[in-house]
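Colleague: Okay, here's the structure, questions in a sec.
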Amino acid sequence: MGKIKIEEHDNVAILRLDNKVTNTISTTLVENLSATVNQIKGEYRGMILAGGTKFFSMGFDLPELLKLDRSGMTDFFHSFNQVVLDIYTLLIPTACAITGHAIAGGTILASSCDYRFLASGRKLLGLNEIRLGVPVPYLTDMMLRQIVGDRAATQMIYLGEFIEPDKARSIGLADEVLSQDKVENRAIEKITELASLPVQAFAAIKANRVEEIRLAYENNYKVKNEAFLDCWFSQPVQELLSKAADKF
């Protein structure tokens with residue numbers, strides 16, 4: 001479907017980001033990803049997110065998004081967070097197979113999955129939002145703290161630095177670091193194993209795991225998302241974002 005390709009592996013679906021080399025997160029990619037996630041519900045017993053070997057995703061498509069007015073950016077930001085929540089709350093096992101850089105929004109998408117398998121070498125992950133003058137999205141902040149713990153998450157979010165695979169593994173952001181040619185096969189192996197477990201029981205267990213964060217987001221997202229947008233549209237931040245967009 002457009003920017004997202006579905007690859008079948010028995011009862012496991014690989015959703016591959018397919019937006020040129022950098023896999024930037026554009027309005028179209030978000031729309032396509034949302035539709036694809038909804039499409040696979042009930043059809044597959046496991047899901048894997050994957051990208052390219054240079055970039056899993058470079059993050060938000062800044063050149064496109066900076067053209068949006070507040071109303072348009074509000075719609076995009078809501079839709080992006082909603083698809084992240086949809087992946088996070090999928091009641092089937094999920095994994096992210098990361099064979100390229102996962103920058104900002106790329107790390108956010110990866111964090112929405114149950115597991116992350118990462119290629120060794122110089123593959124960068126991280127949330128550099130603070131360096132661009134915006135907060136890490138509220139939903140992402142909560143998911144990251146669940147994955148790596150409060151102290152490691154605070155360090156990542158406050159400093160906005162990128163980390164390499166071994167560091168990601170040491171703090172629990174990556175479950176395994178493997179050679180690039182083994183990443184997707186390992187993700188398929190893990191999700192296939194979990195998909196063989198009793199479906200109803202797995203769904204109940206996962207619902208318990210995600211419930212607290214789901215409810216917190218649903219109760220608070222309007223105020224939290226507005227805080228992000230207030231920063232995004234401030235003049236100093238627009239200048240920082242414009243400079244960053246020049247690198248795309």
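Colleague: In degrees, nearest 10, range 0 to 90: what is the angle between the Cα axis of helix 183-195 and the longest Cα principal axis of the chain?
Modeller: 60 degrees
Colleague: Nearest 500 deg cm²/dmol is fine: what mean residue ellipticity at 222 nm does the chain get from its DSSP H runs of n ≥ 4 alone, each adding -39,500 (n - 2.57), divided by its residue count?
Modeller: Rounded to the nearest 500, the figure is -16500 deg cm²/dmol.
Colleague: Moving to a separate point now. Rounded to whole Hz and in sequence order, give me ³J(HN,Hα) for segment 98-114 from the Karplus expression 6.51 cos²θ - 1.76 cosθ + 1.60, θ = phi - 60°, writing x for Gly and Pro.
Modeller: 10, 10, x, 4, 10, 9, 6, x, x, 5, 4, 4, 4, 5, 6, 8, 5
Colleague: Can you return the aspartates and glutamates within cross-link range of residue 67? Criterion is Cα-Cα under 15 Å, with same-chain partners fewer than 8 residues away left out.
Modeller: Those aspartates and glutamates meeting the cut-off are 75, 239, 246.
Colleague: Quick one: length gained pulling residue 69 to residue 243 fully straight, 0.36 nm per residue minus the C-alpha distance? Walk me through the numbers before you get to the answer.
Modeller: Numbers: separation 174, 0.36 × 174 = 62.64 nm, distance 1.83 nm.
In short, 60.8 nm is gained.
Colleague: FRET efficiency for residue 43 and residue 78, Cβ-Cβ distance as r, R0 = 25 Å, nearest 0.05? Working shown, then result.
Modeller: Working: r = 26 Å, r/R0 = 1.04.
So, using R0 = 25 Å, E works out to roughly 0.45.
Colleague: Ignoring ligands, DNA and RNA, how do 87, 205 rank by accessible area with a 1.4 Å probe, largest first?
Modeller: Working: 87 0, 205 115 Å².
Reading off the accessible areas and sorting them downward yields 205, 87.
Colleague: Ignoring ligands, DNA and RNA, what accessible area per residue does segment 126-220 give at 1.4 Å, in Å²? Don't jump to the answer; show the numbers that get you there.
Modeller: Details: 5100 Å² over 95 residues.
Averaged over the residues of segment 126-220, the accessible area is 54 Å².
Colleague: So who's got an amide H within less than 5 Å of the one on residue 49, skipping anything under 5 residues away but keeping other chains? H placed 1.01 Å off N, in plane.
Modeller: 15, 95, 96, 97
Colleague: Right, next: Go through the cysteines of the chain and tell me which have no other cysteine Cβ under 4.7 Å away.
Modeller: Cys with no partner Cβ under 4.7 Å: 231.
Colleague: From the square roots a ≥ b ≥ c of the eigenvalues of the alpha-carbon gyration tensor of segment 95-140, which class results: rounded (a/c under 1.5), prolate (a/b over b/c), or oblate?
Modeller: oblate
Colleague: Using θ = phi - 60° and the Karplus curve 6.51 cos²θ - 1.76 cosθ + 1.60, what whole-Hz ³J(HN,Hα) does each residue of segment 14-26 get, with Gly and Pro shown as x?
Modeller: So the Karplus estimates, Gly and Pro as x, are 8, 9, 9, 5, 9, 10, 6, 5, 8, 6, 5, 8, 9 Hz.
Colleague: Additional query: Nearest-5 percent of antiparallel DSSP beta bridges in the chain?
Modeller: Details: 7 of 28 bridges.
The antiparallel fraction comes to roughly 25 percent.
Colleague: What angle do you read, to the nearest 10 degrees and between 0 and 90, between the alpha-carbon axis of helix 138-148 and the longest principal axis of the chain?
Modeller: Value to nearest ten degrees: 50.
Colleague: Counting only protein heavy atoms and using a 1.4 Å probe, what share of the accessible area of the chain belongs to carbon plus sulfur, as a whole percent? Working shown, then result.
Modeller: Working: 5680 of 11200 Å².
Carbon and sulfur atoms account for 51 percent of the accessible area of the chain.
Colleague: Calculate the FRET efficiency for residue 193 and residue 155 from the Cβ-Cβ distance with a Förster distance of 25 Å, rounded to the nearest 0.05. Intermediate values should be presented prior to the final figure.
Modeller: Values: r = 32 Å, r/R0 = 1.29.
Computed FRET efficiency for residue 193 and residue 155: 0.20.
Colleague: First check a/c for segment 10-125, with a ≥ b ≥ c the square roots of the eigenvalues of its C-alpha gyration tensor; if it is under 1.5, answer rounded, and if not, answer prolate when a/b is larger than b/c or oblate otherwise. Show your work: numbers first, answer last.
Modeller: Values: a/c = 2.01, a/b = 1.18, b/c = 1.70.
The shape class here is oblate.
Colleague: Under a plain spin-label model, where a point goes 7 Å from the Cα along Cα-to-Cβ, how far apart in nm are residue 235 and residue 167?
Modeller: Using points 7 Å along Cα→Cβ, the separation is 3.5 nm.
Colleague: Just want the answer: with Cβ charges of +1 for Lys and Arg and -1 for Asp and Glu, which residue in 80, 17, 2 is farthest toward the dipole's positive end in the chain?
Modeller: Farthest along the dipole direction, towards plus: 17.
Colleague: A further question on this structure: How far, in degrees from 0 to 90, does helix 199-232 lean away from the longest principal axis of the Cα atoms of the chain, to the nearest 10?
Modeller: For helix 199-232, the angle is close to 10 degrees.
Colleague: Got a sec to turn the phi values of segment 155-162 into Karplus ³J(HN,Hα) couplings, 6.51 cos²θ - 1.76 cosθ + 1.60 with θ = phi - 60°, whole Hz, x for Gly and Pro?
Modeller: 4, 5, 6, 5, 8, x, 8, 8
Colleague: Separate question: Taking the Cα atoms of the chain alone, what are Rg (to one decimal) and Dmax (as a whole number) in Å?
Modeller: 17.0, 53
Colleague: Continuing with this model, one more query. Under 5 Å between amide hydrogens, which residues at least 5 positions from residue 176 or on another chain qualify, with H placed 1.01 Å from N in the peptide plane?
Modeller: Excluding prolines and chain starts, which carry no amide H, the hits are 116, 118.
Colleague: Turning to a different aspect of this structure: Could you work out Rg/(2.2 N^0.38 Å) for segment 125-248, with Rg from alpha carbons only?
Modeller: Details: Rg = 17.9 Å, N = 124, 2.2 N^0.38 = 13.7 Å.
It is 1.30.
Colleague: In whole angstrom, how long is each semi-axis of the equivalent ellipsoid of segment 15-58, when you take the square root of 5 times every eigenvalue of its Cα gyration tensor and sort them from largest down?
Modeller: Details: eigenvalues 84, 33, 6 Å².
In descending order, the three semi-axes are 20, 13, 5 Å.
The values are calculated or read from the model by the stated rules, or taken from the named source; none is laboratory data. Remember, predicted model here, so these are calculated numbers, not experimental data. Glycine also receives a Cβ, built like all others from the backbone with ideal geometry; neighbour counts cover every protein chain displayed. Please note that ligands, DNA and RNA were not included when accessible areas were found on the heavy atoms of the full protein model with its side chains. Shrake-Rupley method; radii C 1.70, N 1.55, O 1.52, S 1.80 Å.
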